[in-house]
1. Exactly one of these conditions fails for F39: (1) under 18 Å from C73 (Cβ atoms); (2) touching a Phe, Trp or Tyr at 6+ places or on another chain (Cβ under 8 Å). Give me its number.
2. Which of the residues spanning the range 1-18 are surrounded by fewer than 10 Cβ atoms within 10 Å (Cβ to Cβ) and assigned to a helix (DSSP H, G or I)?
3. What is the one condition in (1) modelled with pLDDT of 85 or more; (2) within 32 Å of the chain's Cα centre (by Cα) that P86 does not satisfy?
4. Quick one: what pairs do we get from the range 14-33, first residue of a type in the set (S, T, N, Q), second at pLDDT 80 or above and surrounded by 13 or more Cβ atoms within 10 Å (Cβ to Cβ), C-beta under 7 Å, 6+ apart or different chains?
5. Taking the range 29-82 as the region of interest, how many residues are of a type in the set (G, A, S), surrounded by fewer than 17 Cβ atoms within 10 Å (Cβ to Cβ) and under 23 Å from the mean Cα position of the chain (by Cα)?
6. So, in the range 109-128, how many residues would count as being modelled with pLDDT of 80 or more, among the hydrophobic types (A, V, I, L, M, F, W, C) and in a strand (DSSP E or B)?
Amino acid sequence: MKALIRTALVGLGFALIGIFSLYWLKHSKAPFIVIGMVFSLYLLALTFMSSSFYKVILWNLCAIVLILTLCECLLAHKAFVPSIQPALNPVRTGHEEPAFRTEGNYSDPEGYFKDDLFLGYRPKQAARIRSARFYGDSVVYDVTYTIGPDRLRVTDSMIVDKIRPLFFSLAILLLSVKV
(Lines give C-alpha, C1' and ligand atoms only; values in the text may rest on other atoms or scores of the structure.)
Protein backbone atom coordinates (compact mmCIF):
# COMPACT_ATOMS: atom_id res chain seq x y z
CA MET A 1 0.00 0.00 0.00
CA LYS A 2 2.87 2.35 0.83
CA ALA A 3 4.45 1.76 -2.62
CA LEU A 4 1.11 2.48 -4.31
CA ILE A 5 0.76 5.81 -2.48
CA ARG A 6 4.35 6.74 -3.32
CA THR A 7 3.79 5.88 -7.01
CA ALA A 8 0.60 7.94 -7.05
CA LEU A 9 2.40 10.92 -5.49
CA VAL A 10 5.22 10.68 -8.04
CA GLY A 11 2.70 10.48 -10.89
CA LEU A 12 0.77 13.44 -9.48
CA GLY A 13 4.00 15.43 -9.27
CA PHE A 14 4.83 14.72 -12.90
CA ALA A 15 1.27 15.66 -13.93
CA LEU A 16 1.52 18.98 -12.05
CA ILE A 17 4.89 19.70 -13.63
CA GLY A 18 3.34 18.94 -17.04
CA ILE A 19 0.48 21.39 -16.47
CA PHE A 20 2.90 23.96 -15.07
CA SER A 21 5.12 23.46 -18.15
CA LEU A 22 2.24 24.04 -20.56
CA TYR A 23 1.45 27.33 -18.81
CA TRP A 24 5.06 28.55 -18.97
CA LEU A 25 5.51 27.44 -22.58
CA LYS A 26 2.68 29.79 -23.53
CA HIS A 27 3.40 32.77 -21.27
CA SER A 28 7.20 33.07 -21.02
CA LYS A 29 10.03 34.19 -23.29
CA ALA A 30 12.37 31.57 -21.83
CA PRO A 31 10.10 28.83 -20.46
CA PHE A 32 12.72 26.08 -20.25
CA ILE A 33 14.54 27.93 -17.50
CA VAL A 34 11.52 27.83 -15.19
CA ILE A 35 10.53 24.32 -16.26
CA GLY A 36 14.08 23.03 -15.81
CA MET A 37 14.41 24.55 -12.34
CA VAL A 38 11.07 23.12 -11.17
CA PHE A 39 11.87 19.71 -12.67
CA SER A 40 15.34 19.62 -11.09
CA LEU A 41 13.87 20.60 -7.69
CA TYR A 42 11.29 17.83 -8.07
CA LEU A 43 14.02 15.31 -8.94
CA LEU A 44 16.03 16.50 -5.95
CA ALA A 45 13.01 15.95 -3.68
CA LEU A 46 12.53 12.47 -5.15
CA THR A 47 16.22 11.77 -4.51
CA PHE A 48 15.76 12.26 -0.76
CA MET A 49 12.57 10.18 -0.68
CA SER A 50 13.86 7.13 -2.59
CA SER A 51 16.01 4.11 -1.83
CA SER A 52 19.77 4.11 -2.29
CA PHE A 53 19.68 2.50 -5.77
CA TYR A 54 17.33 5.15 -7.16
CA LYS A 55 19.13 7.98 -5.36
CA VAL A 56 22.15 7.69 -7.64
CA ILE A 57 19.99 7.65 -10.80
CA LEU A 58 17.81 10.54 -9.67
CA TRP A 59 20.78 12.58 -8.45
CA ASN A 60 22.55 12.21 -11.83
CA LEU A 61 19.35 13.01 -13.72
CA CYS A 62 18.86 16.08 -11.53
CA ALA A 63 22.43 17.20 -12.28
CA ILE A 64 21.92 16.77 -16.04
CA VAL A 65 18.66 18.75 -16.00
CA LEU A 66 20.26 21.46 -13.88
CA ILE A 67 23.25 21.78 -16.24
CA LEU A 68 20.95 22.01 -19.27
CA THR A 69 18.87 24.63 -17.44
CA LEU A 70 21.96 26.69 -16.68
CA CYS A 71 22.96 26.51 -20.35
CA GLU A 72 19.47 27.73 -21.23
CA CYS A 73 19.94 30.61 -18.77
CA LEU A 74 23.16 31.59 -20.50
CA LEU A 75 21.56 31.48 -23.94
CA ALA A 76 18.53 33.45 -22.76
CA HIS A 77 20.80 36.04 -21.18
CA LYS A 78 22.67 36.49 -24.47
CA ALA A 79 19.40 36.69 -26.41
CA PHE A 80 17.52 39.14 -24.21
CA VAL A 81 20.26 41.42 -22.88
CA PRO A 82 21.37 44.05 -25.40
CA SER A 83 24.90 43.69 -26.68
CA ILE A 84 27.59 45.76 -24.97
CA GLN A 85 29.69 45.94 -28.14
CA PRO A 86 28.84 49.63 -28.87
CA ALA A 87 29.81 50.52 -25.29
CA LEU A 88 33.28 49.04 -25.80
CA ASN A 89 34.05 51.42 -28.67
CA PRO A 90 32.26 54.69 -27.84
CA VAL A 91 34.81 57.07 -29.40
CA ARG A 92 34.31 57.81 -33.11
CA THR A 93 37.38 59.17 -34.85
CA GLY A 94 35.72 60.26 -38.08
CA HIS A 95 37.72 57.66 -40.03
CA GLU A 96 35.04 54.99 -40.36
CA GLU A 97 35.54 51.56 -41.84
CA PRO A 98 34.23 51.18 -45.39
CA ALA A 99 30.81 49.61 -45.58
CA PHE A 100 29.62 46.68 -47.65
CA ARG A 101 27.48 47.41 -50.65
CA THR A 102 25.65 45.05 -52.98
CA GLU A 103 24.95 45.52 -56.66
CA GLY A 104 23.00 43.50 -59.17
CA ASN A 105 19.50 42.14 -59.53
CA TYR A 106 19.84 38.89 -57.55
CA SER A 107 17.75 40.00 -54.59
CA ASP A 108 15.34 42.25 -56.50
CA PRO A 109 11.65 41.25 -56.45
CA GLU A 110 11.88 40.54 -60.19
CA GLY A 111 15.34 39.00 -59.87
CA TYR A 112 16.42 35.41 -59.39
CA PHE A 113 13.62 33.87 -57.32
CA LYS A 114 10.01 33.34 -58.39
CA ASP A 115 7.22 31.84 -56.28
CA ASP A 116 6.43 28.20 -56.92
CA LEU A 117 3.45 26.22 -55.68
CA PHE A 118 5.38 23.01 -54.93
CA LEU A 119 8.92 24.18 -54.14
CA GLY A 120 8.16 27.54 -52.56
CA TYR A 121 10.46 29.34 -55.00
CA ARG A 122 12.38 28.61 -58.18
CA PRO A 123 14.79 30.47 -60.47
CA LYS A 124 13.42 32.78 -63.13
CA GLN A 125 13.16 31.17 -66.56
CA ALA A 126 15.71 32.18 -69.26
CA ALA A 127 17.47 34.92 -67.31
CA ARG A 128 20.92 36.33 -66.56
CA ILE A 129 21.18 37.44 -62.94
CA ARG A 130 24.14 39.38 -61.56
CA SER A 131 25.19 39.74 -57.96
CA ALA A 132 28.22 41.67 -56.73
CA ARG A 133 29.40 42.58 -53.25
CA PHE A 134 31.99 45.23 -52.46
CA TYR A 135 33.84 46.18 -49.30
CA GLY A 136 34.77 49.79 -49.87
CA ASP A 137 36.37 49.69 -53.35
CA SER A 138 37.43 46.02 -53.12
CA VAL A 139 35.40 43.33 -54.85
CA VAL A 140 34.35 40.54 -52.49
CA TYR A 141 32.53 38.61 -55.21
CA ASP A 142 31.02 39.30 -58.60
CA VAL A 143 29.00 36.49 -60.13
CA THR A 144 26.52 36.12 -62.97
CA TYR A 145 24.02 33.26 -63.02
CA THR A 146 22.64 32.19 -66.39
CA ILE A 147 19.38 30.28 -66.20
CA GLY A 148 18.13 28.40 -69.26
CA PRO A 149 14.56 27.98 -70.50
CA ASP A 150 14.32 24.73 -68.49
CA ARG A 151 15.13 26.69 -65.27
CA LEU A 152 18.51 24.96 -64.88
CA ARG A 153 21.82 26.80 -64.57
CA VAL A 154 23.78 27.07 -67.78
CA THR A 155 27.53 26.69 -67.31
CA ASP A 156 30.38 27.39 -69.66
CA SER A 157 31.10 24.06 -71.37
CA MET A 158 34.70 25.11 -72.06
CA ILE A 159 35.43 25.16 -68.32
CA VAL A 160 33.84 21.75 -67.84
CA ASP A 161 35.88 20.28 -70.70
CA LYS A 162 39.10 21.60 -69.11
CA ILE A 163 38.25 20.15 -65.67
CA ARG A 164 37.35 16.62 -66.82
CA PRO A 165 40.90 15.63 -67.88
CA LEU A 166 42.22 16.97 -64.58
CA PHE A 167 39.93 14.69 -62.55
CA PHE A 168 40.66 11.76 -64.87
CA SER A 169 44.43 12.21 -64.56
CA LEU A 170 44.19 12.53 -60.77
CA ALA A 171 42.22 9.29 -60.64
CA ILE A 172 44.86 7.47 -62.70
CA LEU A 173 47.61 8.91 -60.52
CA LEU A 174 45.89 7.79 -57.31
CA LEU A 175 45.17 4.31 -58.69
CA SER A 176 48.77 3.82 -59.79
CA VAL A 177 50.27 4.68 -56.39
CA LYS A 178 51.17 1.55 -54.42
CA VAL A 179 50.73 1.75 -50.69
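The values are calculated or read from the model by the stated rules, or taken from the named source; none is laboratory data. Quantities reported herein were computed from a predicted structural model and do not represent experimental measurements. For neighbour counting, all protein chains shown are included, and Cβ atoms are generated from backbone atoms with ideal geometry for every residue, glycine included.
1. It is condition (2) that F39 fails.
2. Step one: filter the range 1-18 for residues surrounded by fewer than 10 Cβ atoms within 10 Å (Cβ to Cβ), giving 1-5.
Hits for the range 1-18 are K2, A3, L4, I5.
3. P86 satisfies every listed condition except (1).
4. Filtered contacts from the range 14-33: S21/I35; S28/V34.
5. Summing the residues that are of a type in the set (G, A, S), surrounded by fewer than 17 Cβ atoms within 10 Å (Cβ to Cβ) and under 23 Å from the mean Cα position of the chain (by Cα) in the range 29-82 gives 3.
6. So the count comes out to 1.
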